[in-house]
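J.: Mind having a look at this structure? Questions to follow.
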Amino acid sequence: KYELNYTSLVGGVIRKRFYWGYSCYSFNNNYMAVLFSKVTQWGYAATVIPDDILKYPYAACSQQSIIMMGVLKKKGFITRKIEFFGNNKIGHFAFEVYYKNSWHFHDPTLEPDTAVLNKYNRPDIKFIAEHPDILFAAYKEPHKDKSALFDIFSHYSYGNPNSSLAPNAFIFHRVTKILSNTIWIFFLIGYYVLKPGRRRLPQ
C-alpha cells in the first residue's frame, strides 16, 4: 500500500499547490525566451524547468506532470508521460508511475476522482480507455461532454520510461536563461572594441 498511498499523497499536494494555467517566463527572468516566443509561437516561453515552475501559482497539465514526475523519480519510482491528442485537436498531458509490476495512471490537472481509480488499484490508461464507465465515473465533474472526454482519452501515446517530458524545451530554457543574464557582456565588449574614435595602442 505504500506506493499507492505515497503517489496519491503527492498527487493531492500538486492539486492544491497550483491553479490551472500556464506559467511563462517574463522579460525579468528570461527575455530571450520571451522574445523568441513572440516571433514564433507563445509556447516557447512556457517554462519546463521544475524549479522555475514552482515559482508560479499556475501550472498547466504538462507542467504539473513535470513536477509530480520529478518528485516520484527522486523517490525511485519509474514514470512515463502520456500524451493525448483527440480527433477534435484537443491535447492533454498526464503520466503513469510503475510499481507492483504494473503501470498506474495519474492526471494532476483534470483531477479525476481518486476514490474511483483507487477502487481499481489505480489502473493504467489502457484499462481506463477500454472501460468508458470507469472513465466517466472518474471524470464526472466538471467534464459534462462525454463524447469529447472519450475522444481525448481514447487517443494517447506513451513516452519512454523516466524520460523528460520536454527535453528540447528544457535545454532551450537553460540556454536562453544563461544568455539573458550574460549577453549584455558581449554587447559591452563589442561597443568598447568598435567605439568610434578609439585609438589603437602603439605596437
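J.: Take region 118-127 and flag every residue that is within 22 Å of the chain's Cα centre (by Cα) and either in a helix (DSSP H, G or I) or free of Cβ contacts under 8 Å to residues at least 12 places away in the same chain (or both).
T.: So in region 118-127, the residues within 22 Å of the chain's Cα centre (by Cα) come out as 122-126.
I125, K126, listed by residue number.
J.: To continue, here is another question. If you scan region 117-134, which residues turn out to be open to solvent by 30 Å² or more (accessible area, probe 1.4 Å) and within 22 Å of R15 (Cα to Cα)?
T.: Step one: of region 117-134, the residues open to solvent by 30 Å² or more (accessible area, probe 1.4 Å) are 118-121, 124, 126-127, 130-133.
Passing the criteria: N118, K119, Y120, N121, D124.
J.: Here are some conditions: (1) part of a helix (DSSP H, G or I); (2) at pLDDT below 90; (3) open to solvent by less than 80 Å² (accessible area, probe 1.4 Å); (4) of a type in the set (G, A, S). A137 meets all but one. Which one does it not meet?
T.: All conditions pass for A137, except number (2).
J.: Now for a separate question. Within region 1-113, which strands (runs of 3 or more DSSP E) (wholly inside it) include 1 or more residues that are at negative phi and open to solvent by 50 Å² or more (accessible area, probe 1.4 Å)?
T.: The qualifying strands (runs of 3 or more DSSP E) are 78-85, 91-99.
The values are calculated or read from the model by the stated rules, or taken from the named source; none is laboratory data. It should be emphasised that the depicted structure is a prediction, and the values quoted were computed from it without experimental measurement. Please note: Cβ atoms are built from the backbone with ideal geometry, for glycine as well, and neighbour counts cover all protein chains shown. Areas reflect the complete protein model, heavy atoms only, side chains present, ligands, DNA and RNA absent. Shrake-Rupley method; radii C 1.70, N 1.55, O 1.52, S 1.80 Å.
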